[in-house]
Amino acid sequence: MTRRKLIAGNWKMNGHLDHLRELDEIANAAEAHPDVDVAICPPATLIAPAVQRVPGLTIGAQDCHAEDRGAHTGCLAAPMLAEAGAKCTIVGHSERRADQGETDADVRGKAEAAHRHALTAIICVGETEEQRDAGEAESVVTGQVEGSLPPDATAANTVIAYEPVWAIGTGRIPTMDDVAAMHAAIRAKLSELVAGEADGIRILYGGSMNGDNAGELLAVDHVDGGLVGGASLSADKFVPIIEAAGFLYGRR
Ligand code: 13P
């Protein structure tokens with residue numbers, strides 16, 4: 001099974017209108033590497049202007065509510081994000097699991113809402129440093145996959161992002177053996193949960209991915225792309241990651 005690499009940028013709570021200029025070069029790089037899927041998830045206020053500026057680039061959101069409308073001040077519903085032009089949304093990022101106390105069940109509800117409105121759900125999972133040190137990393141992460149994955153998940157509507165919490169924004173990454181073991185464990189869990197689709201669902205690695213380590217990370221079995229934070233904020237840092245994915249495609 002050949003899975004297309006997906007390089008997705010998560011701008012988190014960064015960027016104003018003037019920052020959208022970074023997208024021009026990112027869109028050019030995406031066009032130059034048609035075998036790589038590229039997406040940027042800016043703050044929700046920038047989704048519509050981003051789509052307008054670079055219509056050819058996939059733009060996504062960083063979260064959505066589980067319901068389609070209602071009395072939830074400050075929240076954004078999946079159909080609103082779809083209307084703004086989003087094609088995908090991150091759900092269950094560890095920063096939201098920590099800051100907003102989101103549970104696996106919450107995350108599954110959000111992924112289901114995304115699916116109802118034709119948004120690909122990028123479901124984030126990942127262990128803390130304490131959990132890894134206690135030897136619980138695989139059980140924690142596969143448990144999160146089990147609890148967060150909607151039963152209707154398909155290769156087209158769902159992506160998993162494995163982001164070790166201790167690797168996010170720290171410059172530290174797991175060993176390639178640890179990455180390989182975790183991605184294989186996630187694939188095995190997907191086979192249990194959604195047998196027919198498991199082979200096609202992409203599993204991204206996230207956590208301090210950059211132009212220097214992307215080639216090595218993306219070459220690991222079952223690493224089907226990256227979810228990139230800091231290095232997605234500038235074209236100078238993000239484009240080399242797209243190129244690393246494109247290079248791997250060229251070698252296949
Ligand atoms: P960094 O690439 O900044 O470590 O962030 C990863 C991340 O959290 C992407 O969602």
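Kindly evaluate residue 109 against the criterion of being farther than 20 Å from residue 12 by Cα, in a loop (DSSP other than H, G, I, E, B) and more than 16 Å from the ligand (Cβ to nearest atom). In short, no. Of 101, 74, 85, 70, all but one fail to be out of contact with any strand residue (DSSP E or B) (no Cβ under 9 Å at 6 or more places or on another chain), more than 30 Å from residue 178 (Cβ to Cβ) and surrounded by fewer than 21 Cβ atoms within 10 Å (Cβ to Cβ); the exception is 74.
Taking the stretch 26-106 and the helices (runs of 4 or more DSSP H) fully enclosed by it, the elements with 2 or more residues that are among the acidic types (Asp, Glu) are at 94-99.
One residue stands out among those in the stretch 1-26 that are under 30 Å from residue 199 (Cβ atoms) and of a type in the set (A, V, I, L, M): the one that is farthest from the ligand (Cβ to nearest atom), which is 1.
Listed by first and then second residue, the pairs linking a residue in the stretch 227-242 that is within 15 Å of residue 161 (Cβ to Cβ) to a residue that is near the ligand (Cβ under 10 Å from one of its atoms) and acidic (Asp, Glu), with Cβ atoms under 9 Å apart and 6 or more places separating them unless they lie on different chains, are 227/163; 229/163. Hey, could you check the stretch 140-178 for residues that are crowded, with 21+ Cβ neighbours inside 10 Å and of a type in the set (Ser, Thr, Tyr) and say which is nearest to the ligand (Cβ to nearest atom)? Ranking the qualifying residues of the stretch 140-178, first place goes to 162. In the set (1) within 16 Å of the chain's Cα centre (by Cα); (2) under 18 Å from residue 111 (Cβ atoms); (3) crowded, with 22+ Cβ neighbours inside 10 Å, the condition left unmet by residue 190 is number (1).
Scanning the stretch 179-213 for residues that are assigned to a strand (DSSP E or B) and either touching a His at 6+ places or on another chain (Cβ under 8 Å) or away from the ligand (no atom under 16 Å from the Cβ) (or both), we see that the one that is farthest from residue 226 (Cα to Cα) is 203. Consider the stretch 120-178 and keep the residues that are in a helix (DSSP H, G or I) and touching a Lys or Arg at 6+ places or on another chain (Cβ under 6 Å). The one that is nearest to residue 64 (Cα to Cα) is 148.
Laboratory data are not the source of any read-out in this text; all were calculated from the coordinates shown. It should be emphasised that the depicted structure is a prediction, and the values quoted were computed from it without experimental measurement. A quick note on method: Cβ atoms are made from the backbone with ideal geometry, for glycine too, and the neighbour counts reach across all protein chains shown.
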